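The block underneath contains the structure these notes are about, expressed in structure tokens.
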Amino acid sequence: MSRGKKIGVFLLLGAMLLSLCACGTTEKYKIVKTLAKQEYYIGFRKDDALSYYVTGALKVMQADGTVSALSEKWFGDDRVAFASDADGLKNAGTINARTLLIGVDENAYPMSYVENGQYAGFDVELARALCQKLGWEPQFISIQTKDAYVELSSGNVDVAWGGLALDGKAEDYTVFGPYMENSIVIAALSGSSSGISGKTLVMDVSQDSMDALDANENVKNKFGKITRSTGNTLANFASLDSGACDMVLTDSTAVDYLNNH
């Protein structure tokens with residue numbers, strides 16, 4: 001092979017290698033620091049027969065691939081851990097039509113949130129699919145994790161389900177799960193520095209976020225400025241994209257979703 005042809009081959013191989021390297025860096029955001037780990041649960045009133053129908057239907061939907069398909073749609077992989085049982089509703093008998101009052105955290109993007117006046121998110125879409133299977137009508141009601149027991153016991157909601165990191169050892173109400181893991185993290189643009197000293201941080205005002213940051217004083221004190229925003233998750237990421245801040249405090253599920261869409 002002539003010298004010119006060899007150079008041409010080397011240039012071609014180099015271009016191919018650069019292309020392959022670029023394929024591994026397509027994610028827009030990276031996690032700089034993990035502050036706390038959580039697990040999502042579904043909560044019911046104690047001894048409420050409703051839990052049989054909901055958990056039974058979820059087991060069937062896990063078995064028939066519905067849950068896995070939704071997980072891959074939202075997060076790019078199958079990460080939901082409901083028990084699988086094709087006969088989960090075998091002994092359910094007649095399932096009467098009803099409205100299911102579903103308590104969701106509307107600030108838990110992308111698990112549950114409000115978009116154009118409508119509830120959306122992974123948990124919301126899964127709850128709608130469950131209600132369709134059971135012949136029920138879903139009605140979503142905004143609640144917070146810390147109020148789950150009060151909302152359930154008062155009858156304001158039938159089920160607490162939607163981005164809620166409930167207490168898996170709660171004695172006042174019944175929980176199903178955990179079905180997914182989440183972390184409260186500090187995220188930045190992929191091409192930026194991972195150092196946090198002197199950087200600006202934007203975060204929401206949720207109790208979980210504030211508790212996670214307060215529990216990591218050594219991290220908190222390194223930031224040059226921390227802004228607590230009343231906007232939603234997407235507004236905070238918009239600040240990051242525009243350069244208005246260096247980092248955001250958010251959920252790992254939000255980072256995963258935005259990196260896959």
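So which GluC sites (Glu not before Pro) in region 102-176 pass both tests, a DSSP loop state and at most 13 other Cβ atoms within 10 Å of the Cβ?
When the GluC sites (Glu not before Pro) of region 102-176 are filtered for loop state and at most 13 Cβ neighbours within 10 Å, Glu171 remain.
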Exercise. Percent antiparallel among DSSP beta bridges with both residues in region 143-261, to the nearest 5?
Worked result: 40 percent
Exercise. Just the accessible area for Lys30, please: 1.4 Å probe, Å², rounded to the nearest 10?
Worked result: 50 Å²
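Where nothing but the Cβ of Lys and Arg (+1) and of Asp and Glu (-1) is charged, how large is the charge dipole of the chain around its Cα centre, in debye to the nearest 20? Don't jump to the answer; show the numbers that get you there.
Numbers: 23 positive and 32 negative charges, 283 e Å.
Dipole size: approximately 1360 debye.
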Problem set entry | Two-decimal Rg/Rh across region 94-187, once Rg and the Kirkwood Rh are taken from alpha-carbon atoms | 0.97
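When each pair of different Cα atoms in region 106-255 is counted once in the 1/r mean, what is the Kirkwood radius in angstroms, to one decimal?
On the way: mean 1/r = 0.0590 Å⁻¹.
Result for region 106-255 stands at 17.0 Å.
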Exercise. Put +1 on the Cβ of each Lys and Arg and -1 on the Cβ of each Asp and Glu in the chain; which of Ser229, Tyr119, Leu189 then has its Cα farthest toward the positive end of the dipole?
Worked result: Leu189
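What does the net charge come to around Asn259 if you take all other residues with beta carbon closer than 15 Å to its beta carbon, with K and R at +1 and D and E at -1?
Details: positive: Lys28, Lys30, Lys73, Arg79; negative: Glu27, Glu72, Asp77, Asp241, Asp251, Asp256.
Here the count lands on -2.
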For this session: Only Cα pairs under 8 Å and at least 6 apart count here; give the relative contact order of the chain as a rounded whole percent.
Result: 27 percent
Seminar exercise, completed: Only helices counted: for the chain, with every DSSP H run of 4 or more residues adding -39500 (n - 2.57) and the sum spread over all residues, [θ] at 222 nm is -10500 deg cm²/dmol
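Can you give me the % of accessible surface on the chain that is carbon or sulfur? Probe 1.4 Å, all protein chains present, nothing else counted. Please report the intermediate quantities before stating the final value.
Numbers: 6510 of 13270 Å².
Ligands and nucleic acids excluded, carbon and sulfur give 49 percent.
Taking Rh as the Kirkwood radius, which is the inverse of the mean 1/r over Cα pairs, what is the Rg/Rh value for the chain?
Here Rg/Rh amounts to 1.09.
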Seminar exercise, completed: Result row for the chain, helices from DSSP H with C-alpha axial extent 15 Å or more and mean Kyte hydropathy at least -1.0, is 3-23, 50-63, 122-134
Seminar exercise, completed: For region 36-143, listing trypsin sites (Lys or Arg not before Pro) in a DSSP loop whose Cβ sees at most 10 other Cβ atoms within 10 Å gives Lys90
For this session: Whole number in Å², please: accessible area per residue of the chain, 1.4 Å probe, ligands, DNA and RNA not counted.
Result: 51 Å²
Problem set entry | Cα-centred dipole magnitude for region 68-108, charges only on beta-carbon of K, R (+1) and D, E (-1), debye, nearest 20 | 220 debye
Exercise. Tell me, what is a quarter of the convex hull surface for the C-alpha atoms of region 163-214, in nm² with one decimal?
Worked result: 5.5 nm²
Problem set entry | Positive-end extreme of charge dipole, region 48-116 - chosen from Ala92, Ile102, Ser71 (charges on Cβ) | Ala92
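The values are calculated or read from the model by the stated rules, or taken from the named source; none is laboratory data. All values derive from a computational prediction rather than experimental measurement. Positions of Cβ are backbone-derived with ideal geometry, glycine not excepted, and every protein chain shown enters the neighbour counts. Accessible surface is based on the protein model in full, side chains and every heavy atom, while ligands, DNA and RNA are left aside. Shrake-Rupley method; radii C 1.70, N 1.55, O 1.52, S 1.80 Å.
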